[in-house]
1. Looking at Glu194, Glu156, can you tell me which residue is within 22 Å of Arg17 (Cβ to Cβ) and modelled with pLDDT of 90 or more?
2. Taking the condition of being part of a loop (DSSP other than H, G, I, E, B) and on the phi < 0 side of the Ramachandran plot, how many residues in the stretch 168-203 meet it?
3. Among Thr115, Thr106, which is the only one that is of a type in the set (Ser, Thr, Tyr) and in contact with a helix residue (DSSP H, G or I) (Cβ under 9 Å, 6 or more places away or on another chain)?
4. What do you reckon, is Leu148 touching a strand residue (DSSP E or B) at 6+ places or on another chain (Cβ under 6 Å), part of a helix (DSSP H, G or I) and either of a type in the set (Phe, Trp, Tyr) or not assigned by TED's automatic domain parsing to the domain that holds Gly196 (or both)?
5. Within the stretch 4-91, considering only helices (runs of 4 or more DSSP H) that don't extend past its boundaries, which have at least 1 residues that are at pLDDT 85 or above and of a type in the set (A, V, I, L, M)?
Amino acid sequence: MATKPSKTDRALASVTRMAVLDALRRANEPMTVQQIAEELGLHPNTVRFHLGRLAQADLVREDQADPTGPGRPRMVYTVAPETKGAEQETGYRLLAEILASYLAETSPAPAAVATAAGQEWGRYLVERPAPFAKMTREEAIDRVLAMLAQLGFEPELDGGRLLLRACPFRAVADRRPDVTCSVHLGLMRGALAEMGAPVEIVNLQPFSAPHPCVANLSKSDASHAEAGPARTARRMDDLPKPGQPRNP
């Protein structure tokens with residue numbers, strides 16, 4: 001089973017939340033919601049939502065501004081001092097960076113290798129259909145969405161696209177997108193292949209703040225999609241026939 005992302009990981013995975021945090025770091029004084037919204041070109045309600053997530057992860061601090069007149073005091077935000085938990089996450093990011101950089105520098109085809117690795121893990125992580133069950137397009141997409149949500153991608157189906165609004169490996173993806181994004185692509189392709197789904201991932205468009213990653217969907221070619229009954233039949237063909245000795 002996949003390890004559940006930590007509270008800090010989930011907070012830092014979002015491209016928009018990272019942009020909000022960066023804006024607060026650049027500021028010389030506490031910022032209001034409206035100031036952050038104007039700097040990033042976002043709606044104030046969107047900023048409030050992401051500030052709430054950052055506050056829950058103890059990454060930002062909320063205070064009341066000094067009163068400037070009648071009415072309710074404004075709330076202002078600053079970056080909270082780094083916590084021990086956030087520092088511990090640095091070790092995991094360093095490990096991921098070491099592995100990604102090694103693959104990128106030593107493999108003649110790092111993207112292809114990363115995609116293949118992602119496919120194997122996608123096959124392992126997804127909930128497989130029952131024997132002889134034929135997976136529909138909608139069912140397969142739902143299971144991929146569930147897998148991605150568990151991993152911290154905050155996925156959303158948008159017509160023929162999967163929107164990945166967060167990246168649990170963003171710190172590494174910024175520096176090694178060829179490896180990291182290829183792993184993500186492989187995860188989705190491997191999961192769909194394992195289910196014999198009549199849909200495939202055509203490509204993955206990496207994020208550009210504050211926009212999400214976009215995985216474009218397409219109906220699979222029947223020759224490439226192995227449905228549940230066909231997959232089960234193939235595995236049954238590997239069993240010894242009556243009268244044949246079993247392999248030791």
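The values are calculated or read from the model by the stated rules, or taken from the named source; none is laboratory data. What you are looking at is a predicted structure, and each value in this text was computed from that prediction instead of being measured. We place every Cβ from the backbone using ideal geometry, glycine too, and count neighbours over all the protein chains shown.
1. Criteria check complete, one pass: Glu156.
2. Within the stretch 168-203, the subset part of a loop (DSSP other than H, G, I, E, B) is 168-169, 174-176, 195-199.
Those left that are additionally on the phi < 0 side of the Ramachandran plot: 168-169, 174-176, 195, 197-199.
Selection size over the stretch 168-203: 9.
3. Thr115
4. Taking the combined requirement at face value, the residue does not satisfy it.
5. Working: elements: 7-13, 15-26, 33-40, 44-56.
By residue number, 15-26, 33-40, 44-56.
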